[in-house]
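Since every read-out is calculated from the coordinates, none of them should be taken as a lab result. Since we're looking at a predicted model, the values are computed, not measured. Backbone-built Cβ (ideal geometry, glycine too); neighbour counts: all protein chains shown.
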């Protein structure tokens with residue numbers, strides 16, 4: 001039985017062997033560029049995608065274990081040419097230097113804000129702790145989370161004061 | 001980001017430099033400014049072209065390293081030419097196509113490459129206005145330009161465009177040094193936070209990095225490296241891998257496959273054994289052994305009589321500071337793609353210098369330079385000389401051997417193992433205080449190798465060494481070990497000496513700020529030790545010795561913004577550090593606020609306040625981004641980073657064994673920019689790296705009385721320092 005995965009809304013039959021890490025299927029078989037190789041050890045987060053609504057690393061995840069899964073990559077967060085609020089917030093805050101880690105950061109934050117619309121600072125940092133950035137863009141990324149939160153759900157305090 | 005030539009500089013008037021390595025006869029030294037900065041053409045057409053559609057193509061020999069210079073350089077050109085930023089198309093870093101500007105390094109892209117482009121654009125504007133004046137029958141000063149459209153306000157209806165005037169033609173003239181430049185008050189683009197051109201693609205997953213380049217029929221390769229450079233291949237069993245070929249050239253071993261995963265598996269499975277010798281010396285005695293190596297000794301600067309001043313001092317202090325090997329640790333391991341067509345090798349890689357690398361590759365391949373092309377594509381942030389040049393060499397060799405396009409992706413372990421490290425350093429300081437608590441004598445002795453080992457020949461590359469090319473002799477050109485070894489303080493009796501090492505146990509080269517990271521850590525920690533011994537406030541103590549108003553301004557700005565005199569809770573302390581980068585460049589002062597857990601030795605940095613004066617600011621958000629990045633990365637280096645090794649090889653090979661700062665450890669970062677629109681722009685890529693470690697060490701002392709003299713400030717070291725109080 002061939003492995004079937006749905007990536008960014010499109011079904012694909014995978015030719016690779018089931019033990020092939022999902023990262024290489026996405027990049028080499030499907031021609032995507034967003035998930036990047038960083039360590040191959042599930043330590044840095046550069047290769048993350050959304051599996052359902054969870055941000056997962058793909059550098060060690062056998063594609064055989066994702067049979068039938070709904071995968072969304074950074075490319076797939078753009079809908080009808082419109083950026084996802086987290087992508088927009090990253091642009092607004094210019095939240096990168098080399099941007100090699102941006103893929104993992106953005107999908108992790110998209111998942112966080114989906115599950116926890118108004119996270120505490122500690123929840124944000126904990127969610128991002130296994131995403132490494134070497135350029136030191138962390139302060140901007142943290143600001144981008146707050147901006148994305150407002151873009152996605154509105155300003156909590158403003159809402160409260162309007163009531 | 002870190003290779004700069006030892007530009008002859010004038011020492012402060014009160015410091016006649018004796019036998020200074022800062023002033024060698026550069027013409028005699030291979031790898032002087034020519035290698036570092038290239039010898040770019042002065043032909044205007046080599047720098048910019050007005051396309052028929054109105055696009056301005058800008059050719060820059062500099063490359064984008066994730067710092068935003070693609071956008072900042074475009075801002076400079078668009079400003080002088082009076083065109084919108086959208087008209088600018090940047091072509092950067094390609095041999096045979098862009099000017100030879102040597103390396104993108106030393107925080108000099110805006111200072112050198114940017115200023116050449118400013119002159120080029122001003123020349124183009126002057127030529128175009130003269131052409132327009134002739135066509136419209138007016139004088140050039142009667143014309144105005146808006147987005148490349150030239151009009152004469154007194155002659156309504158008369159208009160010509162840059163594109164129309166050029167009609168696809170060339171300027172055929174040299175860049176003029178006298179073409180009028182805009183005055184800062186006329187700027188509308190320079191000085192604004194223009195958003196970076198490159199980020200939309202990177203935030204939506206478009207191909208953006210060399211890692212994303214796919215050529216038709218491209219093969220995938222992985223390297224199989226010896227545990228240490230110098231060990232030799234004893235046996236190799238080609239039958240141990242399936243679905244992959246093995247390429248072996250001496251000790252250079254690679255596995256190659258159509259499928260990337262097949263190459264990864266083959267690299268893991270290939271049965272290969274290496275000789276047991278040579279081994280590395282023990283790490284435990286690293287610093288002691290460095291101090292007993294043969295050295296070339298140079299006095300960097302000397303004034304008065306340091307020894308006599310120390311002898312008459314009421315109190316004498318000494319402090320010895322150590323800096324470990326550190327890794328650039330790019331988040332994306334190095335990658336390159338190479339092809340072989342028509343007897344030409346083309347390499348796409350993220351090198352910091354396409355022309356210098358071409359020379360080294362030509363030597364490695366034993367091919368004429370004309371048959372080697374190097375094209376820059378972005379990689380993950382590099383912060384200096386990391387693995388990118390070496391992976392380019394691996395790809396070039398494989399493409400030529402296999403006569404096919406090959407993509408080489410280093411593994412995480414390949415990168416940590418193979419990248420040249422920031423070298424280890426030892427610094428011994430001695431200072432005296434007179435009866436009034438004033439400094440009486442200061443001596444600095446540093447042990448450091450030259451930090452400049454960027455490849456010039458086959459033996460500088462890992463591939464060359466593995467293929468049997470001898471290791472070149474140590475460079476005669478001594479770079480970086482003395483950077484910021486002299487302080488910026490007016491000290492009447494002082495002597496700064498560098499003991500230049502020829503070798504160190506691990507391969508090393510340039511990393512962000514070179515020796516300034518370690519030297520400033522030592523100097524600014526020791527200033528604090530002297531202030532404490534004098535019973536003086538560290539801020540007031542420094543200001544006593546600072547004459548330069550710009551230096552005083554950043555120190556005062558950082559202190560003010562940090563609330564220097566405001567009380568802090570128990571266990572929390574504030575520390576200050578200041579430097580003028582390279583003693584001649586940007587001014588930076590950092591105040592760290594730190595909490596120390598005396599039970600565990602854990603240090604928590606709460607806030608870093610950085611005041612920064614880099615002259616005229618081209619893009620304030622770009623500068624802020626660089627400062628924030630410098631602060632966070634150097635905090636990571638100060639608190640956590642040390643490349644570990646045993647006699648069998650480097651053991652820091654992944655993110656567990658070489659941890660860097662994570663989100664939970666990120667302090668609040670406050671940046672105070674002191675803009676000087678009337679001053680020349682100075683680089684911002686490195687200065688704020690040098691003041692973090694001493695500011696944190698001084699804050700730890702203020703919080704707990706523990707004096708940290710060894711980087712990194714691990715909990716074990718803090719506990720030991722607490723016990724030594």
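Brief remarks on what is shown
- Computed from the C-beta positions of residue B:344 and residue A:114 and an R0 of 56 Å, the FRET efficiency is 0.65 to the nearest 0.05.
- A Förster distance of 22 Å, applied to the separation of the beta-carbon atoms of residue A:65 and residue A:30, puts the FRET efficiency at 0.80.
- Each peptide in B:682-694, A:24-36, A:100-112, A:55-67 receives the mean, over its residues, of other Cβ atoms within 10 Å, and ordering these scores from highest gives B:682-694, A:100-112, A:24-36, A:55-67.
- Each eigenvalue of the Cα gyration tensor of the stretch B:383-463, multiplied by 5 and square-rooted, gives one semi-axis; in descending order these are 47, 12, 8 Å.
- Look at the stretch B:433-446: the mean tally of other chain Cβ atoms within 10 Å of its residues' Cβ atoms is 0.
- Percent RCO, i.e. relative contact order, over the stretch B:219-301, from Cα pairs under 8 Å lying at least 6 residues apart: 35 percent
- Between helix A:102-115 and chain A there is an angle of about 70 degrees, using the helix long axis and the longest principal axis of the Cα atoms.
- Cα gyration tensor shape of the stretch B:554-659, rounded if a/c is under 1.5, else prolate or oblate by comparing a/b with b/c: oblate
- Counting only other chain Cβ atoms within 10 Å of each residue's Cβ, the peptide B:203-216 averages 6.
- Considered as an equivalent ellipsoid built on the Cα gyration tensor, the stretch A:3-92 has semi-axes of 22, 16, 10 Å, the largest given first.
- Computed on the Cα trace of the stretch B:436-507, the radius of gyration divided by the Kirkwood hydrodynamic radius gives Rg/Rh = 1.20.
- Relative contact order of the stretch B:524-625, pairs being alpha-carbon contacts under 8 Å that are 6 or more residues apart, as %: 22 percent
- Distance histogram for chain B (every C-alpha pair counted, 20 angstrom bins, percent rounded to whole numbers): 17, 47, 30, 6, 0
- Of all DSSP bridge pairs formed entirely within chain B, close to 75 percent run antiparallel.
- Order of B:499, A:84, B:188 under a 10 Å beta carbon neighbour criterion, fewest first: B:188, B:499, A:84
- Peptide B:619-629 has a mean of 4 when you count, residue by residue, the C-beta atoms of other protein chains within 10 Å of its C-beta.
- Sorting the segments B:508-515, B:448-455 by their mean number of nearby beta carbons within 10 angstrom, highest to lowest, gives B:508-515, B:448-455.
- With contacts taken as Cα pairs under 8 Å and at least 6 residues apart, chain B reaches a relative contact order of 15 percent.
- Placing a label point 7 Å from the Cα of residue B:471 along the Cα-to-Cβ line, the residues of the stretch B:442-460 whose backbone N sits under 17 Å from it are B:448-460.
- For the stretch B:477-573, average projected area of the Cα convex hull in nm²: 9.2 nm²
- Backbone N under 14 Å from the residue B:144 label point (7 Å along Cα→Cβ), restricted to the stretch B:44-68: none
- Computed helical MRE - 222 nm, the protein assembly as shown, DSSP H runs ≥ 4 contributing -39500 (n - 2.57), nearest 500: -8500 deg cm²/dmol
- At R0 = 56 Å, FRET efficiency that the Cβ-Cβ distance of residue B:45 and residue A:53 yields, to 0.05: 0.55
- Gyration tensor verdict on the protein assembly as shown (Cα atoms; rounded if a/c is under 1.5, prolate if a/b is larger than b/c, oblate otherwise): rounded
- Alpha carbon centroid spacing (whole Å) that separates the stretch B:473-487 from the stretch B:39-78: 32 Å
- Prolate/oblate/rounded call for the stretch B:346-416, Cα gyration tensor, a/c under 1.5 rounded: oblate
- 0 to 90° range, to nearest 10: angle between helix A:138-153 axis and chain A longest Cα axis: 80 degrees
- For the pair the stretch A:106-146 and the stretch B:687-702, the centres of their Cα atoms are 27 angstrom apart.
- Antiparallel DSSP beta bridges within the protein assembly as shown, percent to nearest 5: 75 percent
- Shape analysis of the stretch B:654-699 yields a ratio of the Cα radius of gyration to the Kirkwood radius, Rg/Rh, of 1.09.
- The simple spin-label model puts a point 7 Å past each Cα toward its Cβ; for residue B:674 and residue B:188 those points are separated by 3.2 nm.
- Long-range tail of P(r) for chain A (Cα pairs > 23 Å, %): 38 percent
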